[in-house]
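Throughout, read-outs are computed from the coordinates displayed, never taken from laboratory work. None of these values were measured; they are calculated from a predicted model. No Cβ is skipped: glycine too gets one built from the backbone with ideal geometry, and neighbour counts run over all protein chains shown.
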């Protein structure tokens, strides 16, 4: 596709459930980022992939959060035992490489934990 | 955590006027990017300015960068109602992430 695609657009889940959020980056982009944005705030870094490997997962808030990118393209962010505080917009971005290039964002997944 | 800080937090102008937003940051950077966000969803990339550049233009957008003051400004000329959005700066410090500010909410009144 022409841009970064994220699915689903919206996800409502019950507290304690498991969710998966998907990101399809721009074809050929090796760098992929996940960010989380709470209401009224700027995006906050979660994890960065270069190719298939998680080069930096320092932004993941705790061990309930995990992300994979097994083939170096599509990435899935997984959240276990969801809590109401996990409610936010989860944004994915990709860029051609890590060095000094623009990052292009998807439309995000709005996660609501009830 | 937030590294950049946009100023003002909110800005309301009449259509046709110019809008100026400022971004301050704390450490040395490789580049700085400006994004627009409508309705709290996807971020649209507007412009990237590298640390060795001082000014950049793209259509009605003009971005300046002053590395000595650790600040950048985004100027939107001849604003339109469609420019209503939140605007964020994001700094690249050479690590593995971009640092975003809390954004400026721009309202352009028709």
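Tabulated results
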| item | result |
| --- | --- |
| Total residues in the stretch B:58-92, condition surrounded by fewer than 18 Cβ atoms within 10 Å (Cβ to Cβ) and within 13 Å of another protein chain (Cβ to nearest Cβ) | 1 |
| Yes/no for residue B:38 being touching a strand residue (DSSP E or B) at 6+ places or on another chain (Cβ under 9 Å), exposed (fewer than 14 other Cβ atoms within 10 Å of the Cβ), within 11 Å of chain A (Cβ to nearest Cβ) and without any contact (Cβ under 8 Å) to a residue 60 or more places away in the chain | yes |
| Residues within the stretch B:1-28 that are surrounded by 19 or more Cβ atoms within 10 Å (Cβ to Cβ) and under 13 Å from residue B:100 (Cβ atoms), tallied | 5 |
| Verdict on residue A:109 being more than 23 Å from residue B:50 (Cα to Cα) and within 14 Å of another protein chain (Cβ to nearest Cβ) | yes |
| Any hit, the stretch A:50-63, residues being in contact (Cβ under 8 Å) with a residue 60 or more places away in the chain, within 22 Å of residue B:32 (Cβ to Cβ), touching a strand residue (DSSP E or B) at 6+ places or on another chain (Cβ under 9 Å) and not in a loop (DSSP other than H, G, I, E, B) | no |
| Hey, residue A:81 more than 10 Å from every other protein chain (Cβ to nearest Cβ) and loosely packed, with under 14 Cβ neighbours inside 10 Å or not | yes |
| Residue that is nearest to residue B:15 (Cα to Cα) [pool: residues in the stretch B:93-110 that are within 13 Å of chain A (Cβ to nearest Cβ) and either within 14 Å of the chain's Cα centre (by Cα) or crowded, with 23+ Cβ neighbours inside 10 Å (or both)] | B:105 |
| Count - residues of the stretch A:69-114 that are within 12 Å of residue A:36 (Cβ to Cβ), in a loop (DSSP other than H, G, I, E, B) and under 11 Å from the mean Cα position of the chain (by Cα) | 1 |
